[in-house]
Amino acid sequence: MFRYFVKAVFNARVAKVYKQSRAFACCKMDEEKYNFIQTTNVTTGKQEWIAERQDEHDYFTDIARSSYADMLHDSERNQLYHIAIKEAVSRVHARGEKCRVLDIGTGTGLLSMIAAKAGAEQITAIEVFTPVADVARKITQANGFTNIKVINKHSNEVILGADGDMQEKANILVTELFDTELIGEGALSSYQHAHQYLVEDNCIAVPHKAKTYIQVVESDLMLSWHKMLPVCVKLNGIRTKVLPNPDLSDGCGVPAVHDIQLSQFPVEKLVQLTDPVEVFEFDWSSKKLTDETRGSLVKIGAKQSGTAHAVLSWWDLSMDTEGKHILSTAPYWLHPHGKQQAWRDHWMQSVYFLPQEVFVNKGDTISVSSNHDAYSMWFNIENNSSKKIDHIERPICEYPPRMVWSRPRCAMINDTKRNQLYADAVNNLCKSAPNKITALCVNDFGLLPLLVAKRGANVTVIEQTDIARRGLRNIAGYNNINIDTKCCGIDEIDAELGNKQFGFLCSEPFFKSSYLPWHDLYFWYVRSKLESNLLPNCEIMPRKAHLCFAAVQFKDLWKIRAPVNSVEGFDVSLMDNLIASALEMKEYYEAEAHALWEYPNVLLTKRAKALEFDFTQCVPEKEMHSDGTVCLDTVARQPGVTHCHAVVLWMEYDLDGTIQISNGLICNETTNKINPDNPNWYMHQRQAVFFLKQAVDLCKPGVGKDHREFQLHYSISFLPKTGEMRMKFKVN
């Protein structure tokens with residue numbers, strides 16, 4: 001379980017650490033040890049030293065932002081484990097043996113307690129993460145189990161023997177070592193070690209087997225996550241193209257998996273070229289499991305004509321030896337429960353991109369090579385359907401600039417409507433300017449400088465890294481666009497630009513180091529640094545930004561923060577307390593980033609503006625503050641609204657006084673309005689979610705059914721010196 005959120009920490013969807021550089025020194029303050037950490041402030045761009053208590057990293061990263069609550073709220077998972085463990089214990093007893101259970105990655109100790117309740121005589125529970133191992137001991141003891149031994153080690157370090165951690169081998173192996181990609185937590189090596197050293201030959205594993213499935217699809221939207229496509233806009237009334245250089249039109253070798261809530265993907269933007277097919281089976285009860293790289297070739301009939309862009313993948317667990325109880329992570333259109341499938345964020349679905357697009361005709365046989373190593377998978381469509389392979393080496397991206405773009409950023413680069421809005425704003429701001437206006441673009445490997453140059457400006461670009469600078473220069477050269485690129489941080493701008501003057505300053509703004517929406521205010525700090533380089537009538541784009549917010553009810557996402565109390569009849573409130581104490585240290589008072597298109601929600605308030613940032617002026621010295629009250633009155637017609645879970649925040653940019661871009665709520669294309677019952681969130685950038693410490697019950701006795709008696713009180717401050725956004729919300 002610990003390996004799950006070690007991986008998750010470095011995944012963009014939950015990463016807390018968005019600092020660019022860290023250097024540690026240790027001191028003692030107030031009788032507690034602290035780390036002094038050197039970091040780049042992602043908003044101001046300044047180098048800072050901060051004092052952080054040594055245990056804060058564990059709490060913030062590994063507990064407060066872990067998925068323990070999410071997993072424990074997954075009732076289908078819990079129930080199926082309960083059934084399968086109970087059956088395994090009965091089978092061992094039927095053989096006339098005592099049950100000796102090994103539980104690897106025990107977490108709260110839930111699976112061990114299920115085994116103990118089922119009658120297992122001896123249980124060894126392994127948990128590598130010390131705070132969780134400690135709480136597992138307390139939970140198992142509090143629930144009255146004295147035959148559960150919790151060992152705080154990695155399973156590969158467990159010693160078998162009279163004086164070791166385990167005196168004899170186990171005959172039941174219970175684990176939950178799986179991630180979205182199934183094997184990404186190192187499940188194969190853990191099972192391999194356990195079968196070699198810790199369990200008997202006739203051991204029953206729960207779960208018993210896993211099967212990985214794939215489906216080949218066509219999707220232009222998914223393709224936009226993978227590689228740069230030709231960008232076409234109208235600029236000054238002329239159709240203009242920016243073409244990707246070959247390295248950017250080939251995403252081959254970019255880390256393959258893209259994990260999303262596939263059931264929330266707009267199905268109308270997907271063509272299912274094939275039915276699903278099984279590609280791998282993992283027998284968790286077998287000693288033959290290996291973490292070596294292997295491959296297979298599967299043949300699938302095409303049921304539709306189209307271009308194969310990607311492979312969707314998910315897996316099923318056979319919980320028992322007879323395969324009666326199946327846990328499936330399939331998307332809803334292929335799930336046995338359809339749209340009633342259990343919600344979970346710890347297991348989603350995977351999108352793998354093919355090295356090359358292949359057109360297939362209906363009725364064709366498609367040969368898909370499927371490969372995996374110890375941690376991940378990759379796929380390809382073979383031209384020679386009779387080709388036999390043992391395995392194919394993982395493709396490696398040899399063009400670093402392509403690695404700068406995350407999947408969502410790549411889609412943003414390909415966003416036709418967004419690109420046209422920028423082109424329109426550039427055209428409007430350059431209309432009255434001389435043919436060769438001098439323009440400066442603050443960039444992070446975006447295409448805006450190329451559009452400005454296409455409009456006829458003499459463009460200088462500031463990039464933050466040499467890799468981004470290289471990528472932009474290569475695109476510019478491929479399109480015969482002349483730009484001057486420089487690489488510098490905010491403190492190096494003076495040396496790079498000197499006394500050069502500019503009549504147009506622009507930015508998207510987007511910076512890959514940003515984690516929360518307001519971190520892109522880095523542009524404002526750069527603009528302030530450039531004050532002496534801007535001509536008196538310099539046009540600035542965007543001109544303004546607004547921090548917007550709305551209160552929401554989530555269908556399911558609230559579960560990642562909600563206490564569990566009891567699971568399968570066992571009291572796990574001590575784990576709730578551990579998570580709550582970690583959240584109390586800081587997380588209750590901060591927002592976290594989520595791509596809200598993946599998480600159904602309902603708006604409880606109208607969109608509200610809290611703060612305005614005027615980029616035509618320098619960053620002020622004084623704190624900016626906004627407070628007020630917003631009524632929860634927009635969803636009276638929605639019978640399913642029962643709770644207020646969170647406040648969502650995002651940025652909206654005024655490009656030229658007439659054109660706006662939102663990184664949050666998007667109006668419906670047909671009605672040009674926001675639908676509160678099914679809000680449309682911008683897909684290619686994350687929004688900030690401020691979870692209320694406790695969800696507010698909107699149906700409590702004595703309150704009007706239309707919710708008009710509820711109000712959201714807000715207080716939001718921006719601290720210019722640090723770039724910090726502080727906020728408080730209360731619903732009553």
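The values are calculated or read from the model by the stated rules, or taken from the named source; none is laboratory data. It should be emphasised that the depicted structure is a prediction, and the values quoted were computed from it without experimental measurement. Positions of Cβ are backbone-derived with ideal geometry, glycine not excepted, and every protein chain shown enters the neighbour counts. Please note that ligands, DNA and RNA were not included when accessible areas were found on the heavy atoms of the full protein model with its side chains. Shrake-Rupley method; radii C 1.70, N 1.55, O 1.52, S 1.80 Å.
Under 9 Å between Cβ atoms, which residue pairs at least 6 apart in sequence (or on different chains) link something in the range 587-607 that is polar (S, T, N, Q) with a partner that is surrounded by 21 or more Cβ atoms within 10 Å (Cβ to Cβ) and assigned to a helix (DSSP H, G or I)?
Pairs that qualify, where the first residue is polar (S, T, N, Q) and the partner is surrounded by 21 or more Cβ atoms within 10 Å (Cβ to Cβ) and assigned to a helix (DSSP H, G or I), are Asn601/Leu557.
Mind listing whichever residues of the range 109-148 are out of contact with any Ser or Thr (no Cβ under 9 Å at 6 or more places or on another chain) and hydroxyl-bearing (Ser, Thr, Tyr)?
If the condition is that a residue be out of contact with any Ser or Thr (no Cβ under 9 Å at 6 or more places or on another chain) and hydroxyl-bearing (Ser, Thr, Tyr), then Thr130 is the only one that fits.
Given (1) in a strand (DSSP E or B); (2) free of Cβ contacts under 8 Å to residues at least 60 places away in the same chain, identify the lone condition not met by Phe280.
(2)
Checking the condition in contact with a Ser or Thr (Cβ under 6 Å, 6 or more places away or on another chain) and within 19 Å of Trp650 (Cβ to Cβ), which residue from Ala591, Ala545, Ala551 passes?
Ala551
Yes or no, residue by residue, for (1) under 17 Å from Ala591 (Cβ atoms); (2) in a strand (DSSP E or B); (3) at pLDDT below 95; (4) hydrophobic (A, V, I, L, M, F, W, C):
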{"site": "Val619", "(1), (2), (3), (4)": "no, no, no, yes"}
{"site": "Arg637", "(1), (2), (3), (4)": "no, no, yes, no"}
{"site": "Gly640", "(1), (2), (3), (4)": "no, no, yes, no"}
{"site": "Asn668", "(1), (2), (3), (4)": "no, no, yes, no"}
{"site": "Asn675", "(1), (2), (3), (4)": "no, no, yes, no"}
{"site": "His684", "(1), (2), (3), (4)": "no, no, no, no"}
{"site": "Val703", "(1), (2), (3), (4)": "no, no, yes, yes"}
{"site": "Phe729", "(1), (2), (3), (4)": "yes, yes, no, yes"}
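Can you name the condition, by its number, that His208 falls short on among (1) over 23 Å from the mean Cα position of the chain (by Cα); (2) farther than 20 Å from Tyr375 by Cα?
(2)
Can you name the condition, by its number, that Gly338 falls short on among (1) under 26 Å from Ser67 (Cβ atoms); (2) buried (at least 18 other Cβ atoms within 10 Å of the Cβ); (3) not charged (D, E, K, R)?
Of the numbered conditions (1) under 26 Å from Ser67 (Cβ atoms); (2) buried (at least 18 other Cβ atoms within 10 Å of the Cβ); (3) not charged (D, E, K, R), the odd one out for Gly338 is (2).
Residues to consider are Val216, Val254; find the one that is of a type outside the set (Phe, Trp, Tyr), modelled with pLDDT of 95 or more and crowded, with 20+ Cβ neighbours inside 10 Å.
Of the residues listed, the single one that is of a type outside the set (Phe, Trp, Tyr), modelled with pLDDT of 95 or more and crowded, with 20+ Cβ neighbours inside 10 Å is Val216.
Could you please let me know if Asn41 is modelled with pLDDT of 65 or more, surrounded by fewer than 21 Cβ atoms within 10 Å (Cβ to Cβ) and more than 28 Å from Asp345 (Cβ to Cβ)?
Against the criterion (modelled with pLDDT of 65 or more, surrounded by fewer than 21 Cβ atoms within 10 Å (Cβ to Cβ) and more than 28 Å from Asp345 (Cβ to Cβ)), Asn41 qualifies.
Hey, could you check the range 417-432 for residues that are under 32 Å from the mean Cα position of the chain (by Cα) and basic (Lys, Arg) and say which is most open to solvent (accessible area, probe 1.4 Å)?
Per the criteria, the residue is Lys417.
Any residue in the range 98-119 that's of a type in the set (Phe, Trp, Tyr): show its pairings with residues that are open to solvent by 10 Å² or more (accessible area, probe 1.4 Å) and modelled with pLDDT of 95 or more at Cβ separation under 9 Å, as long as the two are six or more apart or on different chains.
Within 9 Å, no pair qualifies.
When you go through Ala120, Ala136, Ala116, Ala125 one by one, which is the residue that is among the hydrophobic types (A, V, I, L, M, F, W, C), crowded, with 22+ Cβ neighbours inside 10 Å and assigned to a loop (DSSP other than H, G, I, E, B)?
Being among the hydrophobic types (A, V, I, L, M, F, W, C), crowded, with 22+ Cβ neighbours inside 10 Å and assigned to a loop (DSSP other than H, G, I, E, B) holds for just one of Ala120, Ala136, Ala116, Ala125, which is Ala120.
Which condition number does Trp284 fail, the rest of (1) surrounded by 21 or more Cβ atoms within 10 Å (Cβ to Cβ); (2) more than 19 Å from Asn414 (Cα to Cα); (3) hydrophobic (A, V, I, L, M, F, W, C); (4) within 28 Å of the chain's Cα centre (by Cα) being met?
With (1) surrounded by 21 or more Cβ atoms within 10 Å (Cβ to Cβ); (2) more than 19 Å from Asn414 (Cα to Cα); (3) hydrophobic (A, V, I, L, M, F, W, C); (4) within 28 Å of the chain's Cα centre (by Cα) applied to Trp284, the lone miss is (4).
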